[in-house]
Structures are given as C-alpha cells and as structure tokens.
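The values are calculated or read from the model by the stated rules, or taken from the named source; none is laboratory data. Since the model is a prediction, treat every value here as computed from it, not as a measurement. Note that we place each Cβ from the backbone using ideal geometry, even for glycine, and neighbour counts take in every protein chain shown. Protein only, heavy atoms only, side chains kept; ligands, DNA and RNA dropped before computing areas. Shrake-Rupley method; radii C 1.70, N 1.55, O 1.52, S 1.80 Å.
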Amino acid sequence: LARPLWLLVPFLKTLDGSVPGDVRLAEEISEGALRIGSHRELVWRYRKDVLEAFRRIPPVIHASSRAINHHHAMALWKTARYDRPLPPNVQHRRYEMAVDLLDRALNIPARKHQRDDHPGHILTSKGYALWHWAQTPGDETAAATRTSQAIDAFRLALRELPDNLYAIYGLARALVVLCERSQEGEITIPITEMLAETLDLLQGSPAPDFAM
C-alpha cells in the first residue's frame, strides 16, 4: 500500500490499552491505512490483509473505540457485497458481524472534547450493510426484516445528521426499489407515500454515483 501508516499495522496486535494513547494510535492506523471507502480504491487490492489486521486488534482496544468498530464493519460489509466469488455462508457471516460491530459502536459513549465517529455516520453504514444483506439470496422473511431495519437506520441517521447525503441517497434508493417491487406485485406498500418521501429527500443533491 502506498500509505506510510501501513507500516504500523503489525504493531496493532501489541497494543493492550495499558499505555495512554493506545486507542488513539489504533484508530489513526485503522482510519489511515485500513479504511475501505470504496471497492475502487487501491486499498481494495489488500482487502484480505485489511480484514486480518482488524482481527489482530486486541478486544480491549476494539471495545473502546467507535471508529475501529465502524471501520472494521465497513471492511466486512463491503467485502461481503463486492468480493466475488464469496461462499454464501461467508457473505452472510460478514454482514452479520458488520451489523453487530456497528451496534457496538453506537453503544460506546461519545468522547468529550475529542473527535469521534458521529452516530449519524455509523447509522448510515448500518443502513447500507442491512440493505445489501437483504438483497442476498436467502430467507425472504429475514430479508424483509433487514430491509425494514435498513430504512429505519437511514431515517435515524438523518435525525442525527439532517444534511447527510449518504443517508439521503441510501434511503431514497431503498424507497424507489420498494416502489418498483410493489408495482411488480412482490410486496404491498403505500407507494404514494413513499414516492412523496423520496421526492422530498431528493430535493438536495445526493451523488448519483455514490459507491455504496
């Protein structure tokens, strides 16, 4: 990787939280070297190394950081979504782990007077993880539940950050897909209400090529 912080990844497993700054150092490494923002980025080529690096982070460090849980979850659900071929059981397990890590991140108290991952961003990631998980082949009842949970997560994200374009686009796209499925007779939903909500959401300018 063309990132200097990648040289520090092997030290992640040596951090145990006993030294002040261990958590912050682990966060800086995870954000600077291990964050997978898109499957089009250079870091995508090293996705297996990224997942292994996150596994090396000691539990005590992992449990103390919103950011580490968030970045680890992003790596899991994005590899579940875009890594091919991937056995279905591995794909589902990665989605499951991602959602669990995002819930853990949301339960970690916010730091006072320090930069930290905003709940709105974490909820947005949860929305995308659940949405893509719902699109994978499997139990239709479980998929419907995840779809509903994804929409709820996007809406909660917008309550936390009303100008969050990632959440706006995610929710709008989900509502459009549900409207299309309703027209095809797959599900029964109030199309008019959802179209009105979608139009309201898209009064802003979400990126149409957003790579989530």
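Which distance in nm do the two modelled labels at SER182 and ASP200 give, with both placed 7 Å along the Cα-to-Cβ direction?
1.4 nm
How much solvent-accessible surface does VAL19 expose, in Å² to the nearest 10, with a 1.4 Å probe and all protein chains in place?
80 Å²
I need the calculated FRET efficiency for the pair LYS48 and ASP103, taking r as the beta carbon distance and R₀ as 22 Å, to the nearest 0.05.
With R0 = 22 Å, the Cβ-Cβ based efficiency is 0.30.
Place a point 7 Å from the Cα of ALA142 along the Cα-to-Cβ direction; which residues of segment 72-102 have their backbone N under 19 Å from it?
76-83, 86-102
What's the ranking of 175-181, 30-36 by average number of surrounding C-beta atoms within 10 Å, highest first?
30-36, 175-181
Which value, in Å², gives the accessible area per residue of segment 68-108 when a 1.4 Å probe is used on the protein heavy atoms?
With all protein chains present, segment 68-108 gives 41 Å² per residue.
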